[in-house]
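K.L.:
First, the structure itself, so that you have it in front of you.
The numbers here are math on the coordinates, done by the rules we state, and not lab data. For clarity, every value in this text was computed on a predicted model and none was experimentally measured. Methodologically, a virtual Cβ is constructed for each residue, glycine included, from the backbone with ideal geometry; neighbour enumeration extends over all protein chains shown.
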Amino acid sequence: MSQLDLLIFDCDGVLIDSELLASRVLADSIYRVTGIDISPREALIAFTGSSADDTQRIMRERYGINNPAAVLADYDAHLFPQFHRHLTEMVGIPQVLDALHIRKCVASNSRLERLVNSLGILQIWRHFAPHVYGADMVACGKPAPDLPLLCLERCGVDPEHALFIDDSPHGIMAAKTAGVRAVGFIAPNDPRAGRADVLLSAGADYIACGAGELYDIILDLHLHEESFTFEKEADR
Ligand SMILES: [Mg+2]
């Protein structure tokens, strides 16, 4: 049996190409509710990978927004219709999921409702359900290890037999604290500079720029560890 038994995927920015779309909706909501004008790119840099609580804190601390809950309510009202109209999978990811015959689950700092209304409207949902876990299903979202630990427990897999794939340092930290190896994923269309350094500093064991590199890393680990297991068995 292979030593790599479970792939734990972050959702936004890894499985689905949602970050710029969501950042555009959030920038619009901030402007609508507060009159503060920030670009979608700035919203992406400031808020991507944050839980709802962290998003509200950043709004207060960085932008002096005193009614962040009202902004998020406006954002929630506009986000799902935009997802239903425009959301797509990350380029190359459906082919990678089809090709890798390893169990898969999702650990996201989004709420389950958002996951159902984003990942859940795409064909690739079938690779994960029912093992789709959101931040509202644990005490603390990433960077706390609660989400990867929940995935391991529900799937019955030990941390050393899992691999975590995330585009945010919070996800990498959560994985490492849970004892899981981590791939730092960089979307081909990510406008942020220096992402590899950010993810490596957070503890990423590997860096994948796009779905093709991700596939190569996972296949390499899977085949290498499979042959390693066979060699050990042959020695007995
Ligand atoms: Mg992400």
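K.L.:
May I ask you to evaluate 6.51 cos²θ - 1.76 cosθ + 1.60, the Karplus curve with θ = phi - 60°, for each residue of segment 217-222 and list the ³J(HN,Hα) values in order in whole Hz, giving x for glycine and proline?
P.N.:
Ordered by residue, 3J(HN,Hα) equals 5, 5, 5, 4, 4, 5 Hz.
K.L.:
Continuing with this model, one more query. Run the simple label-point estimate for residue 153 and residue 66 please: 7 Å along Cα→C-beta, distance reported in nm.
P.N.:
The two pseudo-label positions are separated by 4.1 nm.
K.L.:
Rounded to the nearest 20 Debye, what is the dipole magnitude of the chain about its Cα centre when Lys and Arg each give +1 and Asp and Glu each give -1 at the C-beta? Walk me through the intermediate numbers first.
P.N.:
On the way: 20 positive and 34 negative charges, 137 e Å.
Roughly 660 debye for the chain.
K.L.:
So, in nm, how far is label residue 197 from label residue 41 when the simple model puts each one 7 Å beyond its Cα toward the Cβ?
P.N.:
So the label points at residue 197 and residue 41 sit 1.9 nm apart.
K.L.:
Find how many whole Å separate the alpha carbon centroid of segment 160-184 from the alpha carbon centroid of segment 121-148.
P.N.:
Value for the Cα centre distance between the two parts: 13 Å.
K.L.:
Now for a different question. Provide Rg over Rh for segment 19-86; use the alpha carbon set for both Rg and the Kirkwood Rh (inverse mean inverse pair distance). Can you show the working numbers first?
P.N.:
On the way: Rg = 10.8 Å, Rh = 11.7 Å.
My calculation of the ratio gives 0.92.
K.L.:
Give me a comma-separated list of calculated 3J(HN,Hα) values for segment 146-160, in order, Karplus coefficients 6.51, -1.76, 1.60 applied at θ = phi - 60°, integers in Hz, x for any Gly or Pro.
P.N.:
3J(HN,Hα) across segment 146-160, in whole Hz: 3, 5, x, 5, 5, 4, 4, 5, 5, 8, x, 10, 6, x, 6.
K.L.:
On to the next question. Please check: in the Gaussian network model of the chain (C-alpha springs, under 10 Å), which one of 182, 174, 193 has the largest mean-square fluctuation.
P.N.:
For the chain, modelled as a Gaussian network with Cα springs under 10 Å, the answer is 193.
K.L.:
In a shell of Cβ-Cβ distance under 12 Å around residue 42, excluding residue 42 itself, what net charge do Lys and Arg (+1) and Asp and Glu (-1) give? Working shown, then result.
P.N.:
Numbers: positive: 24, 41, 62, 192; negative: 37.
That works out to +3.
K.L.:
In debye, nearest 20: dipole of segment 19-86 around its Cα centre with unit charges on the Cβ of K, R (+) and D, E (-)?
P.N.:
Values: 7 positive and 9 negative charges, 20 e Å.
Approximately 100 debye in magnitude.
K.L.:
Which residues in segment 188-204 place their backbone N less than 20 Å from a point set 7 Å from the Cα of residue 177 along the Cα-to-Cβ direction?
P.N.:
Answer for this model: 198-204.
K.L.:
Also: Taking 2.2 N^0.38 Å as the expected size of a compact globular protein, what ratio does the Cα radius of gyration of the chain give against it, to two decimals? List each step's numbers first, then the result.
P.N.:
On the way: Rg = 18.1 Å, N = 236, 2.2 N^0.38 = 17.5 Å.
Rg over 2.2 N^0.38 Å, computed on Cα atoms: 1.03.
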